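Notes to accompany the following structure.
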Amino acid sequence: MAFKALLLLLLATFLLVSTTVASNEVGVKTEIKYAAPVPVKAPIPAPPVKPPTTPVPPYKAPTPAPPTKGPTPYKPPTKAPTPPYKPPTKAPTPPYKPPAPAPPTKAPTPPYKPPAPAPPTKAPTPPFKPPAPAPPTKAPTPPYKPPTPAPAPPVKAPTPPYMPPTPPTKAPTPAPAPPTKAPTPPYKPPVPTPPVKPPTTPAPPYKPPSPPLPPVRTKKDCIPLCGQRCKLHSRTNLCLRACMTCCDRCKCVPPGTYGNREMCGKCYTDMRTHRNKHKCP
């Protein structure tokens, strides 16, 4: 509504301006009675939108809590009254009666046993005493006898001239036999040891030289070579992309479907992925 009223006001002012300009150009002084502009009614404001009011629940007074019972007073346990002590009653003892004397009984006399003869007692041996040395006895002096005249000495034969004792003759000891030596063996010159030969490794079997790799000049030449290289790969598309990249950079694709990377040089073998794995198949 407000937009329409504004549009009408603009149209009215435009018409007023255009008519005044036209009347000035013609020069005719005419009194123009302008129509009173239609009073624009102010737009009626829309009633304010009230948010939906939730009904306030009626106030409920809180229910009074049940009265709590105070702690019950402690009652000590009552003990039953102990009965009065009664001393134990003893039965009356009967009057003492002395025992009747038993008739004397004679034990049977044991048979006579002669006393065993006592073992002979040995007198204690006196300690050994060495015999006392007897005093030296003097032989009785013989009675004196007058000396008898000595008889004439017998005539001795002339003693033979002194001869020195001859030493006992010993049997001649046999001369020790000279030790027999075994005949010396004839001299043999030492046998020269054969020269040590280093272990010879068996020569590897002859491999014919591999055919020269097909020349790679453009990227189009890599397509058939990579197709042959990746035909047995489990992920053919991934292998083809890596092979095309390596072929384009190194200008070489190894023969066969596996291995032989060294035939394309370090460019092909040293190319790695981000995980440090071989990039070229």
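Observations on the model:
- Note on the stretch 219-269: semi-axes of the ellipsoid equivalent to its C-alpha gyration tensor, largest first and rounded to whole Å, are 16, 13, 9.
- The slack between residue 3 and residue 275, meaning 0.36 nm per residue of separation minus the straight C-alpha distance, is 91.0 nm.
- Per-residue Cβ neighbour counts within 10 Å put 16, 225 in the sequence 16, 225, beginning with the fewest.
- Lysine-lysine proximity count for the stretch 219-269, Cα under 19 Å, sequence distance 8 or more or distinct chains: 5
- Among 191-204, 242-255, the order from most to least packed when residues are scored by Cβ within 10 Å on average: 242-255, 191-204
Values in this text are rule-based calculations from the coordinates and carry no lab data. Just so it is clear, the model here is predicted, and its values are computed rather than measured. A quick note on method: Cβ atoms are made from the backbone with ideal geometry, for glycine too, and the neighbour counts reach across all protein chains shown.
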